[in-house]
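K.L.:
Before I ask anything, here is the structure I am working with.
Bear in mind that the values in this text are calculations on the coordinates, not laboratory data. Keep in mind that what you see is a predicted model, and the values were worked out from it rather than measured. Counting neighbours? That spans all protein chains shown, and the Cβs are built from the backbone with ideal geometry, glycine included.
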Amino acid sequence: MVPQEFEKIRTKVSHLWSANPYGFLTILMFLIHGLYGTVTIYAKGLSLESVLNHWDSGWYTQIIKEGYHGPNFAFYPLYPLTIYLLDQVTFHTIPVPLLGSLFSSTMFVLSAVLVQRLAKEGELAPAFPDPVSPLGWFLVAWTPASYVFHTHHTESLFLWLSLVAFTLMSRNQWILGSLAAGLCALTKNQGIFVAITLGVWAALNHRPSPKLRVFLRFAASGLISGLIFGLYPLFCYFKTGNPLEFYQVQLHWRPEMSEGSYFKSFWFDNPWQNTNRGSMIRYGLFWLLTASSLYLLLIQRKISGLYSLLFVGIMPLSGEFVGTFRYSSVLFPIWFGIAEGLRRVKPGIFAPLMVCITLVLLYLNIDLWRSFLLYRWSY
């Protein structure tokens, strides 16, 4: 009987994978994280609300409940504003960290739906800058810090908006794409690179054209995105009298930073850096991301390569690499590009290589999820 039951389960799983591999990978990540999180929270005597308020989640909760003041101007407004509105609509019946987690989970599911649709459309008329495949989505869903996609963080919203922006631009809907890029810039500081990249794409999509027209298309795309993002400096000005308050308060995190700290971070010459295991893994991941960005440029995926290289290039701005796991979670062009490279590996090497990659990702993924639950550094 047991083998028969096992075979039934295997058959059902196989059907689910065949029907929707993107949904399957998403639900699998949710289930494993949910089970592990439940056991950990119960075993440690923690509360779900307090756990979901760890690290930057607590800052978002503070903004939603108390508004902007002091150092929390460093956190961009679209995500907390969205959760604030949802909190009002639900009459404060759901704790803010849980409400944010539910919203993030929903946005990640919507991202999976969009990626699956892109995969189907790509078979007929490839226009998206990267080949989309279940393997690529596996690398996104199981990136080491994928817990940010179902907790009280900005990443799911940013991932969905950036996918939408790239999709619209691939369909030559550059005005709507520029609007989506502007919303990306209101979600995370890296969103400005979505706007820059799509501005370049909007210009290049209209060749052959006079150089002036190419420049005007780039400028128009940037203007649209810039006007959207400009709402935040305008808000800062009316709130504090300083339109750059969101930038200047970031000195709160590392007041001892100097102009050379960015470059010193590469050889661990900043006094706050260390070479423990976590730091070295993040450092290694940074160089993997850099190499992957250059690889995208090498194989003529210029739009994805430009976006990824800009995105990766600002990671050491804090004078260290402590946020590499979280920052890289939304870099779908790199994960899609790595998947494309893996599919070119010889069949005899592909299987053992994927086993190794899967084991490493699972270890890092669960380790970071546990660290977040226990309020240890997990970005």
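K.L.:
Please find the FRET efficiency linking residue 173 to residue 106, where r is the Cβ-Cβ separation and R0 is fixed at 25 Å, and quote it to the nearest 0.05.
P.N.:
The value I calculate is 0.55.
K.L.:
Counting only other residues whose beta carbon sits under 15 Å from that of residue 64, what net charge do I get with K and R as +1, D and E as -1?
P.N.:
Net local charge, residue 64 excluded: -3.
K.L.:
List 153, 33 from most exposed to least, where exposure is judged by having the fewest other Cβ atoms within 10 Å. Can you show the working numbers first?
P.N.:
On the way: 153 26, 33 20.
By the 10 Å Cβ count, ascending, the order reads 33, 153.
K.L.:
How would you rank 346, 44, 264, going from fewest to most other Cβ atoms within 10 Å of each one's own Cβ?
P.N.:
346, 44, 264
K.L.:
Another one. Only counting other Cβ atoms within 10 Å, I'd like 49, 320, 259 sorted with the fewest neighbours first.
P.N.:
The order, fewest Cβ neighbours first, is 259, 49, 320.
K.L.:
Roughly speaking, what is the stretch gain from residue 40 to residue 215, that is 0.36 nm per residue apart minus the C-alpha to C-alpha distance, in nm to one decimal?
P.N.:
Stretched fully, the residue 40-residue 215 segment lengthens by 57.5 nm.
K.L.:
Right, something else. Which of the pairs 188/346; 188/302; 302/346; 188/264 have their Cα atoms more than 29 Å apart in this structure?
P.N.:
188/346
K.L.:
Also, I was wondering about something else. Rounded, prolate or oblate for region 294-379? Axes are the square roots of the Cα gyration tensor eigenvalues, ordered a ≥ b ≥ c, and the cut-off for rounded is a/c under 1.5.
P.N.:
Oblate is the answer for region 294-379, as a/c is 1.5 or above yet b/c matches or exceeds a/b.
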